[in-house]
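The values are calculated or read from the model by the stated rules, or taken from the named source; none is laboratory data. Given the structure is predicted, the values throughout are model-derived calculations rather than measurements. Methodologically, a virtual Cβ is constructed for each residue, glycine included, from the backbone with ideal geometry; neighbour enumeration extends over all protein chains shown.
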Amino acid sequence: MLESAAGIDELDISIILILQENGRASFNEIAKRLGVSVATVSKRVRALEERGIIKGYAAVISCENLGFTENLWLMVHTKPGADVDSIGKQISGLIGVKCVYSIYADFDLLVHICCATQEEIAATLQAIGKIRDVVRVTKMSVCSKIKEEFKIVL
C-alpha cells in the first residue's frame, strides 16, 4: 500500500530504513547491505531527495543534555477568523521554539518550546501573548519522555 501511495518500491524502502538507522551511512555501505551497485543507491537517494521524501540529514540533538531542560507544549488560542498561519510563522522565530503546528482542535496552534531557563520561557510566552489575535496560551509541562521517535516505521 505504501509503495503504490508514495510511488516507491521495496529497494527505496530498504534504503530509507538504512538511512533512518544511520544517516551517515555511505552509498557504498548501503549498496553492500542491499546487494546492489553504488550507482543504483546514488540514483535512488537522489530521486528520493528530489521528490521530498528524504528532506535532509541532521544530527538528533538532546536538548536536555545541552542544558535546555525547560520543555513545554503550548496550546495557542486565536480569535475567530485570525490568520493562524501568519501567527504560527511569527511564533516560529521566537527563542526556544522547536515546532509549530496548525491544528484542528479547541485551540489553533500547538507549539513545542525547549529553553535553558525560566526567563527564556517567560520571554517567549510574553512575546506570544503580544501577537495580534492571540487570545490565550495554555501551557503543558512535560514530566518525562516515554517515547520520542524520529523514525517512520515502513
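Restricting attention to segment 113-133, the residues that are in contact with a Lys or Arg (Cβ under 8 Å, 6 or more places away or on another chain) and either of a type in the set (A, V, I, L, M) or within 11 Å of residue 72 (Cα to Cα) (or both) add up to 3.
Restricting 88, 93 to residues that are within 21 Å of residue 112 (Cα to Cα), under 17 Å from the mean Cα position of the chain (by Cα) and loosely packed, with under 11 Cβ neighbours inside 10 Å narrows the list to 93.
With respect to the stated conditions, residue 24 fails to be touching a helix residue (DSSP H, G or I) at 6+ places or on another chain (Cβ under 8 Å), farther than 26 Å from residue 144 by Cα and without any contact (Cβ under 8 Å) to a residue 60 or more places away in the chain.
Residue by residue, here is whether (1) modelled with pLDDT of 95 or more; (2) over 13 Å from residue 152 (Cβ atoms) holds:
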position: 10; (1), (2): no, yes
position: 13; (1), (2): no, no
position: 24; (1), (2): no, yes
position: 30; (1), (2): yes, yes
position: 51; (1), (2): no, yes
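Restricting 55, 32 to residues that are in contact with an Asp or Glu (Cβ under 9 Å, 6 or more places away or on another chain), at negative phi and not acidic (Asp, Glu) narrows the list to 55. Among the residues of segment 113-138, those identified as surrounded by fewer than 17 Cβ atoms within 10 Å (Cβ to Cβ) and closer than 25 Å to residue 60 by Cβ are 116, 117.
Of the residues making up segment 140-149, not a single one is more than 23 Å from the chain's Cα centre (by Cα) and either within 24 Å of residue 79 (Cβ to Cβ) or aliphatic (A, V, I, L, M) (or both).
When 42, 14 are screened for being in contact with a Phe, Trp or Tyr (Cβ under 8 Å, 6 or more places away or on another chain), hydroxyl-bearing (Ser, Thr, Tyr) and outside the structural domain of residue 135 (by TED's automatic domain parsing), only 42 passes.
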